[in-house]
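Peer 1: Below you'll find the structure I mean.
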Amino acid sequence: MLADMETWVLDLDNTLYPAGSALAEQLTHGILSTIAQYYGTDVAGARRIQAELVAEYGTSLRGAMVTGTIDPHDFLDFERRIDYSVIGPDPALAAALTTLPGRKYVYTNGSAYHAEQALGRLGLTGCVDGVFDILAGDLVPKPYAESLDAFLTRFGIEPARAVMFDDLEVNLALPHERGMTTVWITEGSPYEQLAERRWRAADLPGFLRRLTNV
Ligand SMILES: [Mg+2]
């Protein structure tokens, strides 16, 4: 199963740690407070603005940059106040990634700082060969083509020999079109094949272990 794959592309949030964690909650809260402060509104107003920014520009950060004059580092400052201790080590995932042959990259719409902190807490820092963050992508997020192209070019990735994991199905459409195998991380059975080069999995470590056993 997927024996000739050489590159593994991993989303971070809600993929390398479960959706619904207290970390995701803090991220949402941090983004909304930043928007509320920047646009001079309350949380309900910030929610509306965030939805508009995401619909139009892919992420709140990019929207705030394009429609305003906020510095991306100021926008991301809320990350410095996040308590990353709400997530803990995932030795099963670390072992599965370590055993998996090939290169592994984190491809995230978050910042490198956030990825570093989260990977550290998960015990996965040594398991990945690089991180491509929102700043590396010039603030253009997944699922835009400019982001995917910049990511593939940065690490010299051949799409036909790469597998991408993400909890947002929308982020996987273009990679699949480009020839990548995609794995949608979502609740349900441990893992199953949906179509050619398309999988879904609820149990990421289990799915990775299965790959190395075959
Ligand atoms: Mg995600």
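The values are calculated or read from the model by the stated rules, or taken from the named source; none is laboratory data. Bear in mind that the values here come from a model prediction, so they are computed numbers and not experimental data. Cβ placement follows ideal geometry from the backbone for every residue including glycine, while neighbour counts extend to all protein chains displayed.
Peer 1: Hey, among L61, L76, L23, which residue is within 25 Å of L152 (Cβ to Cβ), in contact with a helix residue (DSSP H, G or I) (Cβ under 8 Å, 6 or more places away or on another chain) and either in the same structural domain as F151 (by TED's automatic domain parsing) or within 16 Å of the ligand (Cβ to nearest atom) (or both)?
Peer 2: L61
Peer 1: Quick check on the range 26-38: of everything there that is within 17 Å of the chain's Cα centre (by Cα) and either aliphatic (A, V, I, L, M) or assigned by TED's automatic domain parsing to the domain that holds A115 (or both), which residue is surrounded by the fewest Cβ atoms within 10 Å (Cβ to Cβ)?
Peer 2: Out of the qualifying residues, it is L27.
Peer 1: Based on what the data block shows, is G179 assigned to a loop (DSSP other than H, G, I, E, B) and modelled with pLDDT of 95 or more?
Peer 2: When the stated conditions are applied, G179 passes them.
Peer 1: Shifting gears a bit: Would you mind stating whether E192 is acidic (D, E), over 19 Å from the mean Cα position of the chain (by Cα) and not in a helix (DSSP H, G or I)?
Peer 2: yes
Peer 1: Looking at the range 184-199 only, could you name the residues that are within 16 Å of the ligand (Cβ to nearest atom) and of a type outside the set (S, T, Y)?
Peer 2: Within the range 184-199, W184, I185, E187 meet the criteria.
Peer 1: Would you be able to tell me the number of residues in the range 70-83 that are touching a His at 6+ places or on another chain (Cβ under 9 Å), touching a residue at least 40 places away in the same chain (Cβ under 8 Å) and assigned to a helix (DSSP H, G or I)?
Peer 2: Summing the residues that are touching a His at 6+ places or on another chain (Cβ under 9 Å), touching a residue at least 40 places away in the same chain (Cβ under 8 Å) and assigned to a helix (DSSP H, G or I) in the range 70-83 gives 2.
Peer 1: Among the residues of the range 147-183, which ones are surrounded by fewer than 21 Cβ atoms within 10 Å (Cβ to Cβ), within 16 Å of the ligand (Cβ to nearest atom) and more than 20 Å from A136 (Cβ to Cβ)?
Peer 2: D167, E169, V170, A173
Peer 1: Right, here's the next one. Going by the conditions given, is R48 more than 16 Å from the ligand (Cβ to nearest atom), out of contact with any strand residue (DSSP E or B) (no Cβ under 9 Å at 6 or more places or on another chain), farther than 18 Å from G206 by Cα and of a type in the set (K, R)?
Peer 2: yes
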